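To keep things clear, I will list the structure first and then write my remarks on it.
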Amino acid sequence: MWLINSSIGRKLVMSITGVFLVLFLLFHSIMNIVVIISPEGYNAICATLGANWYAIAGTSVLAAGFVIHIIYAFYLTYQNKVARGAEAYAVAGTQEGVSWASKNMVPLGGVILGFLVLHMYNFWFKMQFAELTGIHTGSFDPANGAAFVTELFSNKLYCALYIVWLVALWFHLTHGIWSALQTTGLNNKVWLPRVKTISNIISTIVILMFMAIPLYFLIGCGASC
Amino acid sequence: MEKSINVTLKVWRQAGPKVKGAFETYKLNNVSTDSSFLEMMDQLNEQLISERKEPVVFDHDCREGICGMCSMFINGHPHGPDGEITTCQLHMRMFKDGETITVEPWRSAAFPVIKDLMVDRGAYDKIIQAGGYVNVNTGGVPDANAIPISKIDADEAMDAASCIGCGACAAACKNGSAMLFVAAKVSQLALLPQGRVEGAARAKAMVAKMDELGFGNCTNTGACEAECPKNVSISHIARLNREFICAKLSD
Ligand code: HEM
Ligand code: SF4
Ligand code: FES
């Protein structure tokens, strides 16, 4: 199977799962923004995406996307380490135009993964999982998303943690998005700088939308304004 | 104006492919700043011979930047710190008096060390043998203007064809990937009508050989392009990906 046996096939799987995760983030961040504009509206979204068959199907596909992306990430990284050879360079220079993110996709992915587990515990476990199993996991009704958000981000430490997570994600995306286009072949000499710029713009928009929420609570707007 | 400098060289010495290597340090005085890096290496070898020591083995041939033989990793960069040149085109005026210069062989699982700084770059030849050519059916010489080729395509093909197969791309890559080389070799033919015919089969055969030989998976860091002596663009890698994916999808 060429999606496993060939290097470009493996990269294609990485890029398709990556783009799928980016599209999910876009969707997720747009939904999140609603909690600032209207907590009631946000709770309506939470209720719609509770324990319905389509929400569960979506969550399963999403989980599969993550798992495939991560398995391939480790597989590729292992192969690349072997390809590099046993002996490392004594002096390794840096090159202009090679982004820091591109050299640290695995550590960045690791940070993303670590926080993802925390994030699942903070929200998914107390909301969709609680609704599915009927067990009592949080202080509020599973569909009361706005209450969970307010509760978590009233803790300044959590705001800071989420911001760190989002910064790591931003770096991963700045390289990931253009890299995915390059991997699928949707690039050429003229578009190369444009594709990189598009990648930076999309990453920044997605991350700013996410970051708006902990920032909003951090500056104390959650309760009053 | 000619000047001479004294340098300290930290050179990788390795007696054979299976033997463990190590760095040796040599002092070399009165190196003309007008000499090339390889001339400096010749001077070092003369000094070693006069001291009845074994000279350093390194690859070189044309000494004018066209054969791609002079594989040396100098102070952290393939072909040294200067841009868009090969080692043989590197001048000693790029170094300061008293500087320590570290010289290593290409490090890549697919380029095993033969001796000292000389590595076996035969893997690139094997990739070419797998499909980097056109099966020409000889016949009468066609009219020069019978097949129109756009200026853009001709230029891109020519840029790709400037690759000299030196191996700096794989040597520089943190993933040990040979994608820039393979992309250049696939592109130079895929862009022209003569090579287009076998484009799909070529992309598949060359990528399969590249993978078989143990080169890594490209993650688009771009170190290859930055270190390539011929400035081959990574946009050719996008073309290779396109060629390969389309070929596989139409199977
Ligand atoms: C929301 C989460 C994530 C998103 C949106 C995402 C997105 C992407 C994208 C778009 C790519 C580019 C694919 C390509 O070049 O073909 C990529 C590559 C990569 N990702 Fe992720 N990723 C995420 C999480 C992770 C995690 C958890 C890891 C785990 C270790 C990881 C590791 C990697 C690695 C190693 C690469 C390869 C580097 C490259 O090809 O440029 N990613 N990711
Ligand atoms: S692409 Fe550049 S670095 Fe790679 S083999 Fe060709 S000339 Fe050398
Ligand atoms: S010796 Fe031929 S390119 Fe350097």
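The values are calculated or read from the model by the stated rules, or taken from the named source; none is laboratory data. If you're wondering where the values come from, they're calculated on a predicted model, not measured in any experiment. Every residue, glycine as well, gets a Cβ built from its backbone with ideal geometry; the counts of neighbours run over all protein chains shown. Accessible surface is based on the protein model in full, side chains and every heavy atom, while ligands, DNA and RNA are left aside. Shrake-Rupley method; radii C 1.70, N 1.55, O 1.52, S 1.80 Å.
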> Looking at B:LYS248, B:LYS209, which is the one that is open to solvent by 10 Å² or more (accessible area, probe 1.4 Å), farther than 14 Å from B:GLN188 by Cα, among the basic types (Lys, Arg) and more than 8 Å from chain A (Cβ to nearest Cβ)?
Replying inline: B:LYS209
> Tell me, which residue of segment A:193-218 that is open to solvent by 50 Å² or more (accessible area, probe 1.4 Å) and over 20 Å from A:LEU21 (Cα atoms) is modelled with the lowest pLDDT?
Replying inline: A:LEU218
> In segment B:181-193, is there at least one residue being away from ligand 2 (no atom under 12 Å from the Cβ), out of contact with any Cys (no Cβ under 6 Å at 6 or more places or on another chain), more than 10 Å from chain A (Cβ to nearest Cβ) and open to solvent by 40 Å² or more (accessible area, probe 1.4 Å)?
Replying inline: yes
>> Condition first: in contact with a Lys or Arg (Cβ under 7 Å, 6 or more places away or on another chain) and either open to solvent by 10 Å² or more (accessible area, probe 1.4 Å) or more than 10 Å from ligand 2 (Cβ to nearest atom) (or both). Now tell me which residues in segment B:157-174 satisfy that.
In response: B:SER162, B:CYS163, B:ILE164, B:LYS174
> With (1) within 30 Å of B:GLU212 (Cα to Cα); (2) within 16 Å of ligand 1 (Cβ to nearest atom) as the list, and A:LEU116 as the residue in question, which single condition is left unmet?
Replying inline: (1)
>> I'd like to check which helices (runs of 4 or more DSSP H) are fully inside segment A:16-115 and have at least 2 residues that are away from chain B (no Cβ under 14 Å).
In response: A:39-48, A:53-84
> Cβ-Cβ below 8 Å, separation at least six or inter-chain, first residue in segment A:44-57 and in contact (Cβ under 8 Å) with a residue 12 or more places away in the chain, second open to solvent by 60 Å² or more (accessible area, probe 1.4 Å) and in a helix (DSSP H, G or I): which pairs?
Replying inline: A:GLY50/A:GLU131; A:ALA51/A:GLU131; A:ALA51/A:LEU132; A:ALA55/A:THR48; A:ILE56/A:LEU132
> Any residue at all in segment B:54-61 that is within 16 Å of ligand 2 (Cβ to nearest atom), closer than 20 Å to B:THR87 by Cα and touching a residue at least 12 places away in the same chain (Cβ under 8 Å)?
Replying inline: yes
> Among the listed residues A:LEU186, A:LEU169, which satisfies the condition of being touching a residue at least 40 places away in the same chain (Cβ under 8 Å) and within 26 Å of A:HIS69 (Cα to Cα)?
Replying inline: A:LEU169
